[in-house]
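Working notes, structure below.
The values are calculated or read from the model by the stated rules, or taken from the named source; none is laboratory data. Source: prediction; values computed, not measured. We place every Cβ from the backbone using ideal geometry, glycine too, and count neighbours over all the protein chains shown. Quick note on the areas: whole protein, heavy atoms, side chains included, nothing else; ligands and nucleic acids left out. Shrake-Rupley method; radii C 1.70, N 1.55, O 1.52, S 1.80 Å.
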Amino acid sequence: MQALQLFGDRDLRLTEVEPPPAPGPGEVQIRVRAVGLNFIDVWGFRGMAFAKRKLPLTVGAEAAGEIAAVGKGVEGLSVGDPVVPYGALTCGRCRACREGRDNLCEDVSGVMGFHLDGFARERVNLPARLVVKVPGGVDHVQAACAGIAFGTVQHMLFDNARLEPGESILVQAGGSGIGTAAIKMAKAIGCTVYTTVGDDAKGEKARALGADHVINYREERFEGEVRRLTKRKGVDVVFEHVGPETWNGSLLCLKRGGRLVTCGSTSGVSVQMNLMQLFQQQYRITGSFGCRIANMRESLDKMAEGLTPVIDTVLPLADFAQGLERLESRKVFGKILVTL
């Protein structure tokens, strides 16, 4: 079968590999149909030093497909069911896993497509406990956004930031895959949404998604605009994933007692911050990584109800590297996916 494998830094090749065996007890085999691209793929493509892995590595951390075979003892899943796999190989035994806090697994083997062979291959075997059935009306391309993009946003906004209807939120990089999802999810519960974009074309698209205030960060200081628009009061929540380029400005956008939730650092990994500002303003800062399996189910339910992902580009598997280059360029608006 075909698989897209990383052989070295920026060395992706479409190769032929052995298909997986029949699924064992408690396992299912998934016929992969679509793979979503994310910055974790970009990090892996670049050869980020903190990734302990063995090359060649099959890439792809987020996917959707259908059940091709079912192992003994599996209940609730049948051949042909559309499904989304969870993107980390968790132990299923530790306290965090037993309590449904999957992304805090104490004995996780790694992230698929980054530490372990991922989903950019025709078939893959997984424990059935790591597979979520897709509700009717959601296609493979949309469903392939649930594992990371929608699931991450669901976890950030509602598990961690505790976003409430009617609150105000600043969404950094509103044209990204998670940024577009955050705008739509926040507007769906009646929040006032501020967002930053890199050009006016993206700004118009962000407004079309429901953003109330759009700031072109290349033309004006976003923190000054947010404070002006809120009459120096600030917003309740900042949705942060850019890192050093926006971090301190994001803090300045918060009202007293405001909450900042972050899941990324695409502009770097280290920041300096004013600790007196932190405790005097009583900010609450939360790190957020990935999502719980329950967040994937919640995300898929939202898609089935009409809150669908924004799709930038859909490419064939052979053009995976082209999709990563587009993601790196920041020209993207929404999600980039590849299909098999």
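For the reader, a short list of remarks on this structure follows.
- Matching entry among PHE333, PHE320 (being crowded, with 20+ Cβ neighbours inside 10 Å and within 19 Å of THR152 (Cα to Cα)): PHE333
- Yes/no for THR180 being within 23 Å of ASN295 (Cβ to Cβ), among the β-branched types (Val, Ile, Thr) and open to solvent by less than 30 Å² (accessible area, probe 1.4 Å): yes
- Residue count for the stretch 272-304, restricted to those that are assigned to a helix (DSSP H, G or I) and among the β-branched types (Val, Ile, Thr): 1
- The stretch 263-280 - residue that is out of contact with any Phe, Trp or Tyr (no Cβ under 6 Å at 6 or more places or on another chain) and in contact (Cβ under 8 Å) with a residue 60 or more places away in the chain and, of those, surrounded by the most Cβ atoms within 10 Å (Cβ to Cβ): CYS263
- Residue in the stretch 1-58 that is surrounded by the most Cβ atoms within 10 Å (Cβ to Cβ), counting only those that are among the acidic types (Asp, Glu) and at pLDDT 95 or above: GLU27
- Test: ALA206 is under 14 Å from LEU307 (Cβ atoms), open to solvent by less than 30 Å² (accessible area, probe 1.4 Å) and among the hydrophobic types (A, V, I, L, M, F, W, C): no
- Leading residue by the ranking (most open to solvent (accessible area, probe 1.4 Å)) among those in the stretch 60-92 that are of a type in the set (Asp, Glu) and part of a strand (DSSP E or B): GLU66
- Yes/no for ALA22 being in contact with a strand residue (DSSP E or B) (Cβ under 9 Å, 6 or more places away or on another chain), part of a strand (DSSP E or B) and of a type outside the set (Ser, Thr, Tyr): no
- Residues of the stretch 234-271 satisfying the condition of being assigned to a loop (DSSP other than H, G, I, E, B), farther than 21 Å from ALA182 by Cβ and modelled with pLDDT of 95 or more: none
- Among the residues making up the stretch 171-211, a single one is among the acidic types (Asp, Glu) and either without any contact (Cβ under 8 Å) to a residue 12 or more places away in the chain or within 18 Å of ASN160 (Cα to Cα) (or both): GLU204.
- Within the stretch 210-230, the set of residues being of a type in the set (S, T, N, Q) and open to solvent by 60 Å² or more (accessible area, probe 1.4 Å) is empty.
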